[in-house]
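Student: Please see the structure below; I have some questions.
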Amino acid sequence: MAFTESNMLELGTKAPDFQLPDTVSGKSVSIDDIAGEQGTVVMFLCNHCPYVIHVNPEIVRVAKEYQAKGIGFVGISSNDVAKYPDDAPDRMKEVAKNVGYSFPYLYDESQEVARAYDAACTPDFYVFDQNRLLVYRGRLDASRPGNNEQLTGKDLRTALDAVLAGEEVGDQQYPSAGCNIKWKM
């Protein structure tokens with residue numbers, strides 16, 4: 001698992017559309033289906049990455065708190081399941097239920113959605129305002145497995161609070177870091 005930082009998609013980018021299967025409900029889900037009235041968070045996740053496993057408890061807390069405030073959330077896994085079977089859709093459904101995801105967990109088999117978002121790692125976070133323009137991309141917070149930083153969701157929470165207040169999100173944004181997306185060859 002190669003340590004990889006996010007690519008930092010250009011701020012102001014319109015949220016790319018998608019239509020992907022939700023591994024929990026079995027339904028096809030689009031960006032229109034998950035977009036919140038106040039904003040939307042798109043997260044690239046996977047089941048086996050130790051960085052995602054480390055931040056999952058805070059992802060669950062942040063999603064539940066901010067969904068109640070009108071922010072939509074979605075998790076997407078784009079890994080090559082032929083080489084990483086732990087990330088297969090049946091396992092995604094199991095993980096989503098066990099961890100307590102309150103949002104759809106979508107499978108991007110073609111990896112086209114990950115490419116459209118210029119996603120590079122798991123976890124990778126994108127915040128779009130009510131007009132679906134990118135206002136934040138990067139990390140949840142400074143916590144990583146083994147670095148003794150407290151898991152708070154500070155960076156993502158700060159961006160979401162600014163979106164809810166109708167304020168600009170600050171320019172100082174740090175890339176997320178974790179396992180590289182497992183691209184098909």
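The values are calculated or read from the model by the stated rules, or taken from the named source; none is laboratory data. From a predicted model like this one, the values you see are computed outputs, not experimental measurements. All Cβ positions, glycine included, derive from the backbone under ideal geometry; neighbour counts span all protein chains shown.
Student: Is there a residue in the stretch 58-73 that is part of a strand (DSSP E or B) and of a type in the set (Gly, Ala, Ser)? Lay out the reasoning, then the answer.
Tutor: First pass over the stretch 58-73, keeping only residues part of a strand (DSSP E or B): 71-73.
Then keep just the ones that are of a type in the set (Gly, Ala, Ser); that gives 72.
Checked the stretch 58-73: at least one residue is part of a strand (DSSP E or B) and of a type in the set (Gly, Ala, Ser).
Student: What pairs come up if the first residue lies in the stretch 164-185 and is among the charged types (D, E, K, R), the second is outside any strand (DSSP E or B), and their beta carbons are under 7 Å apart, counting only those six or more places apart or on different chains?
Tutor: What qualifies is Glu168/Ala162; Lys182/Asn79; Lys182/Asp80; Lys182/Lys83; Lys182/Tyr84; Lys184/Asp80; Lys184/Gln111.
Student: For the stretch 143-162, what are the residues that are over 20 Å from Ile76 (Cβ atoms) and touching a residue at least 24 places away in the same chain (Cβ under 8 Å)? Give the steps one after another, and end with the answer.
Tutor: Restricting attention to the stretch 143-162, the residues satisfying the condition of being over 20 Å from Ile76 (Cβ atoms) are 143-152, 154, 157-158, 161-162.
Answer for the stretch 143-162, where residues must be over 20 Å from Ile76 (Cβ atoms) and touching a residue at least 24 places away in the same chain (Cβ under 8 Å): Ser143, Arg144, Pro145, Leu151, Thr152, Arg157, Ala162.
Student: Determine if the stretch 135-143 includes at least one residue that is surrounded by fewer than 20 Cβ atoms within 10 Å (Cβ to Cβ), of a type in the set (A, V, I, L, M) and in a loop (DSSP other than H, G, I, E, B).
Tutor: yes
Student: Looking only at residues in the stretch 85-112 that are charged (D, E, K, R) and in a loop (DSSP other than H, G, I, E, B), which one is farthest from Ile71 (Cα to Cα)? Break it down into steps so the answer makes sense when it comes.
Tutor: Residues of the stretch 85-112 charged (D, E, K, R): 86-87, 90-91, 93-94, 97, 108-109, 112.
If we keep only those that are in a loop (DSSP other than H, G, I, E, B) as well, we get 108-109.
Numbers: Asp108: 22, Glu109: 26 Å.
Top of the filtered list is Glu109.
For (1) under 12 Å from the mean Cα position of the chain (by Cα); (2) more than 16 Å from Asp155 (Cβ to Cβ); (3) touching a residue at least 24 places away in the same chain (Cβ under 8 Å), each residue gets a yes or a no:
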residue	(1), (2), (3)
Cys46	yes, yes, yes
Gln67	no, yes, yes
Gly75	yes, yes, yes
Asn79	no, yes, yes
Lys83	no, yes, yes
Glu94	no, yes, no
Val99	no, yes, yes
Thr122	yes, yes, yes
Arg137	yes, no, yes
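Student: Would you check which residues across the stretch 145-185 are among the charged types (D, E, K, R), under 30 Å from Pro85 (Cα atoms) and under 16 Å from the mean Cα position of the chain (by Cα) and list them?
Tutor: Passing the criteria: only Lys182.
Student: For the stretch 156-182, name all the residues that are surrounded by 13 or more Cβ atoms within 10 Å (Cβ to Cβ) and assigned to a loop (DSSP other than H, G, I, E, B).
Tutor: Filtering the stretch 156-182 for residues surrounded by 13 or more Cβ atoms within 10 Å (Cβ to Cβ) gives 156-164, 169, 173-182.
Within the stretch 156-182, Val169, Gln173, Tyr174, Pro175, Ser176, Ile181, Lys182 meet the criteria.
Student: So which strands (runs of 3 or more DSSP E) are wholly in the stretch 1-42 and hold at least 1 residues that are within 21 Å of Asp86 (Cβ to Cβ), within 16 Å of the chain's Cα centre (by Cα) and touching a residue at least 12 places away in the same chain (Cβ under 8 Å)? Walk me through it before giving the result.
Tutor: Details: elements: 3-5, 19-21, 28-30.
The strands (runs of 3 or more DSSP E) meeting that bar are 3-5, 19-21.
Student: From the list Ala82, Ala119, which residue is surrounded by fewer than 21 Cβ atoms within 10 Å (Cβ to Cβ), among the aliphatic types (A, V, I, L, M), outside any helix (DSSP H, G or I) and modelled with pLDDT of 95 or more?
Tutor: Values: Ala119 fails: surrounded by fewer than 21 Cβ atoms within 10 Å (Cβ to Cβ).
So the residue among Ala82, Ala119 that is surrounded by fewer than 21 Cβ atoms within 10 Å (Cβ to Cβ), among the aliphatic types (A, V, I, L, M), outside any helix (DSSP H, G or I) and modelled with pLDDT of 95 or more is Ala82.
Student: Which residues, counting only those in the stretch 4-20, are among the polar types (S, T, N, Q) and surrounded by fewer than 18 Cβ atoms within 10 Å (Cβ to Cβ)? Outline the logic, then answer.
Tutor: In the first step, residues of the stretch 4-20 are kept if they are among the polar types (S, T, N, Q); the result is 4, 6-7, 13, 19.
Residues satisfying the conditions are Asn7, Thr13, Gln19.
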